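Since the structure comes first, as structure tokens, the remarks are kept for the end.
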Amino acid sequence: MARRKRQYKKEIKLDPKYGNIIVTKFINNIMKKGKKGLARKVVYRAFDLVSEKAKKDPLEVFDMAIRNVAPDLEIKGRRIGGANYQIPYEVRGERKNSLAFRWIIEAAKSKKGQPMYKKLATELWDASKNQGVAVQKKDSSHRMARANKAFAHFAR
């Protein structure tokens, strides 16, 4: 059987306003149906609101929010000897960020009755203060992992 061709990571361009790769990735996660301009507008307006509320650099608030939401542990189901076990695994680099992005965006979308940029700004602000729905999601993930610590020896 022949080897597959190696897949190379696509180079991501820097965000035009802040010059930050993580902001670019966040914008890409918010984007729907290839409408990057709209996604940028939502993120930049959210950052403007955050900077008004926080009276400091929105990138600091954004980084703090990502750090507070990014999980250290997650559980994965694994079938061993006819039984399914929830095994805790450590979350590695890039996946931490992608989970944090996903949870923050999900939490913002779950709120009703406001434009997306306001909901996103509120969620980023709450997450930076270690509050909000996304942080609760991380805490519940950690709680599950700690509860299933006894099965950690099944991890490879």
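Listed values, structure above:
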{"read-out": "Ala2 versus Gln131: modelled label distance in nm, points set 7 Å from Cα along the beta carbon direction", "value": "5.9"}
{"read-out": "At R0 = 41 Å, FRET efficiency that the Cβ-Cβ distance of Glu11 and Gln114 yields, to 0.05", "value": "0.70"}
{"read-out": "Degrees between helix 21-30 axis and first principal axis of the chain (Cα, 0 to 90, nearest 10)", "value": "90"}
{"read-out": "Within region 68-111: backbone nitrogen closer than 19 Å to the Phe154 label point (7 Å, Cα to C-beta)", "value": "73-91"}
{"read-out": "Per principal axis, descending, Cα span of region 21-154 in whole Å", "value": "53, 32, 30"}
{"read-out": "Crossing angle, helix 93-110 versus the chain [Cα axis fit, 0-90 degrees, rounded to tens]", "value": "60"}
{"read-out": "Label-point gap, in nm, between Lys36 and Arg146 - each point 7 angstrom along Cα→Cβ", "value": "4.2"}
{"read-out": "Greater than 30 Å apart at Cα, pairs in Lys36/Lys56; Lys10/Lys129; Lys17/Lys76; Lys33/Lys112; Lys10/Lys55; Lys5/Lys138", "value": "Lys10/Lys129; Lys17/Lys76; Lys10/Lys55; Lys5/Lys138"}
{"read-out": "Electrostatic dipole magnitude of the chain [Cβ: Lys, Arg +1; Asp, Glu -1; Cα centre; debye, to 20]", "value": "880"}
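Just so you know, all these numbers are worked out from the coordinates, no wet-lab data involved. Please read all numbers here as calculations on a predicted model, not as lab measurements. As a convention, Cβ positions derive from the backbone with ideal geometry for all residues, glycine included, and neighbour counts pool all protein chains shown.
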